[in-house]
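Every number here is computed from the coordinates shown, using simple stated rules; none is lab data. Values in this document were obtained by computation on a predicted structure and should not be read as measured data. With ideal geometry, Cβ positions are generated from the backbone for all residues, glycine too; neighbour counts draw on all protein chains shown.
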Amino acid sequence: MCPISLVPYVCGAGASVPGCEYGPLYARDHGLTERLQNAGIDAVWVVDPQAHWSGPYGQVAHADLPPRGSPERFEIVAWHCQSLGRNVAAELRNGNRVVTIGGDHSMAAGSIAGMAEAFGPEAKIGVIWIDAHADLNTFESSLSKALHGMPVAAFLGIDKSLAPLGPAKAVVMPENVIYAGLRDVDAAEYDIAAAHGIRLMSMDDLRAQGIAQALQDSVTQLAGRCDHLVLSIDLDAFSLDDAPSVGTPVPGGFKPEEIVPVLAGIVRTHAIEMVEIVEFNPQLPGAEKTYDFLAQMLCDLLPARIVQKR
């Protein structure tokens, strides 16, 4: 069984609400590796979150963030995305599975670019996007100018101005993105999706079809046309009762029992090579509860070591 490499994204500059930059630090300090190892999961931090937090784009930069939409704010996010991409690429090349811990969802532009770097330009990458939001805005279409609303447009190559976040060109084809949990999609995102043939499956659509069957069928089809799969999970996809510490909460999210076992089956059946957990904001109320949910979900999703019987 491949070891699990934990890679932090210690950046919240892509978000509208500050605080999720502390997510990886909180997870490290509250014993995420120990909890995973106690569950039989061979996981270690391959980059110490504190190393990035202590650097020029960490605590110092986040103490007084430039305005959203400014080149200075973009520079902070780009540095973290590029660093994440390099670390992801290195671990995947070493044959490890990767779990990225954020930080805001802008990180997906860097992490998925890193996967493309690891496996080469011909690799067909599929993305399972679990989120209340489509994150499909371009820099021009975004009203907030918050970069965590743009990573899909970045790795699909829809907005070339986002290339400094990691993907110099499209690294995923539009038909190879599966959405689940959508409950808050901008009008501009619907237009972008229609123009590029992207299917936006809402939470209502998913529940009407049956969450387990709809997701399993979609992922099976995705796996049939892709070489490598990513599971990108925004905690705002879930019920606020279970994951309250998120910066852009939307009511009506998944209950753990209706989605986590499905995702666990998908990870095991299709050997997902990268899982990312984003938007945990320990600066908001309910941090302990949200962290416990995050940690338990990883224990449920990740493959444990196989113990040989004598």
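What is the packing order of peptides 4-14, 168-178, 237-247, taking the mean over residues of other C-beta atoms within 10 Å and listing the highest first? If you can, show how the numbers build up before the last one.
Values: 4-14: 28.2, 168-178: 18.0, 237-247: 21.1.
In decreasing order of mean packing, 4-14, 168-178, 237-247 become 4-14, 237-247, 168-178.
So, with +1 on the Cβ of K and R and -1 on the Cβ of D and E, and no other charges, what is the size of the charge dipole of region 205-309 about its Cα centre, to the nearest 20 debye? Mind dumping the intermediate values first?
Working: 7 positive and 15 negative charges, 85 e Å.
My answer is approximately 400 debye.
Place a +1 charge on the Cβ of each Lys and Arg in the chain and a -1 charge on the Cβ of each Asp and Glu, then give the dipole magnitude about the Cα centre in debye, rounded to the nearest 20.
Values: 21 positive and 37 negative charges, 181 e Å.
Rounded to the nearest 20 debye, it is 860 debye.
Give the Debye-formula value of log10 I(q)/I(0) at each listed q (0.13, 0.14, 0.24 Å⁻¹), with one equal scatterer per alpha carbon of region 46-149, two decimals each.
Here log10 of I(q) over I(0) equals -0.53, -0.62, -1.39.
Over all alpha-carbon pairs of region 69-211, lay out the pair-distance distribution in 10 Å bins, whole %, shortest bin first.
It works out to 12, 43, 34, 10, 0, in whole percents.
Rounded to the nearest 500, what is the 222 nm mean residue ellipticity of the chain from helices alone, with -39500 (n - 2.57) per DSSP H run of 4+ residues and division by all residues? Kindly include the intermediate steps, with their values, before the conclusion.
Details: 12 runs with 127 residues, N = 310.
Theoretical 222 nm ellipticity from helices: -12500 deg cm²/dmol.
Which whole DSSP H helices in the chain pass both tests: a Cα extent of 24 Å or more along the axis and a mean Kyte-Doolittle value no lower than -0.5?
On the way: long enough: 71-93 (32 Å, -0.29).
Result, helices passing both filters: 71-93.
Mind checking the dipole of region 1-118: about its Cα centre, +1 per Lys or Arg Cβ, -1 per Asp or Glu Cβ, Debye to the nearest 20? Intermediate values should be presented prior to the final figure.
Details: 7 positive and 11 negative charges, 42 e Å.
Using only the charged Cβ atoms, the result is roughly 200 debye.
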